[in-house]
1. Please calculate how many Å² of accessible area segment 49-145 carries per residue, with a 1.4 Å probe and no DNA, RNA or ligand atoms counted.
2. Putting +1 on Lys and Arg Cβ atoms and -1 on Asp and Glu Cβ atoms, find which of Ala259, Pro24, Ser94 reaches farthest to the positive end of the dipole of the chain.
3. Once you've got the Cα coordinates, tell me which of Lys20/Lys115; Lys20/Lys64; Lys69/Lys137; Lys64/Lys123; Lys81/Lys115; Lys81/Lys137 are over 25 Å apart.
4. Share of the chain's accessible area from carbon and sulfur, percent, 1.4 Å?
5. Computed over the Cα atoms, what is the radius of gyration of segment 17-164 divided by 2.2 N^0.38 Å, N being its residue count?
6. How much solvent-accessible surface does Val258 expose, in Å² to the nearest 10, with a 1.4 Å probe and all protein chains in place?
7. Please identify every one of the trypsin sites (Lys or Arg not before Pro) in segment 1-70 that sits in a loop by DSSP and has no more than 10 other beta carbons within 10 Å of its own beta carbon.
8. Dipole size in debye (nearest 20) for the chain around its Cα centre, Lys and Arg Cβ +1, Asp and Glu Cβ -1?
Amino acid sequence: GGIGISYQMHGLVLVDKDHKVLRPSSIWSDSRAVPHGEKAFEVLGSRFCLQHYLNSPGNFTAAKLHWVKENESEIYGRIHKMMLPGDFLAMKLSGEISTTIGGLSEGIMWDFQQKSQAVDLYKFFGIEASLIPDVYKTFEATAGLSSSLAEAWGMKPGTPISYRAGDQPNNAFSLGVINPGEIAATAGTSGVVYGVSHETAYDPLSRVNTFAHVNYSQEVNSLGILLCVNGTGILNNWLKRNLSIDSYEEMNQMAVKVAAGSDGLIMLPFGNGAERVLNNRLVGAQLSHLDLNTHTHAHMIRAAH
């Protein structure tokens, strides 16, 4: 047996030598790092970044770490290791710090051409390589469950932590999407379409992003190509709260009474941070073609759905 971990992609967790968290985790929708990533894309060159990292550094983890370096230097100076959220969970389970190739790729910290860490980006951002944990494959045992947790949970001490993947690669894997041409679609906190390819492909404008899939290794070029809209889940929550609706089931019942197309009403869910598909711009959610004689709350919900 073993323990698997699924976690929110692209987040940044920082700990000191005692494994104490130094600041709140910076999650994907925290857009403050966008200018830092865009500067790296400009200076290193779009051609170089896309060929090596398959993405712009954009709003990803490496750029977030540089934001901390530039804006919270006292905290940065106390960092022992940086992690993605799943790495932090593994640390809490085992007491040991590690990361994965897939996790680094999600942070734009993996060089797909060199098949090693993104040392050129580290140099540009002034990130010390010592801050990066030891790197493992997705399905490689990294550590074992600590004795204290094993006793509390009635498990065997040392039970291996043998799998770790970000939410969308993990979702695709759970649906059996591991081969080229297979696709998974998810509507949750964000709206995602995720497909698998063995060909090294990237969007020249970095609106659609390419990462290491769960079965990627230095020998197997399995890539996950991801299109993401940040605001789908929060839009439904916003409507529920602000239209004073009791439940999501009630929202569904209202929506089915309106025909597909919402009688021309259009809701764009870009209201939860910088959007990759819009070149990391903040444009806000938009309600368009509102007809005051026709449209109701039900139309708004149908348009959001």
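The values are calculated or read from the model by the stated rules, or taken from the named source; none is laboratory data. Please read all numbers here as calculations on a predicted model, not as lab measurements. Glycine gets a Cβ as well: all are built from the backbone with ideal geometry, and neighbour counts include every protein chain shown. Accessible surface areas use protein heavy atoms only, side chains included; no ligands, DNA or RNA. Shrake-Rupley method; radii C 1.70, N 1.55, O 1.52, S 1.80 Å.
1. Each residue of segment 49-145 exposes 34 Å² on average to a 1.4 Å probe.
2. So the residue we want is Pro24.
3. Beyond 25 Å between Cα atoms: Lys20/Lys115; Lys69/Lys137.
4. The C+S portion of the solvent-accessible surface of the chain is 52 percent.
5. Cα-based Rg divided by the globular estimate yields 1.11.
6. Estimated to the nearest 10 Å², Val258 gives 10 Å².
7. Answer by residue number: Lys17, Lys20.
8. 240
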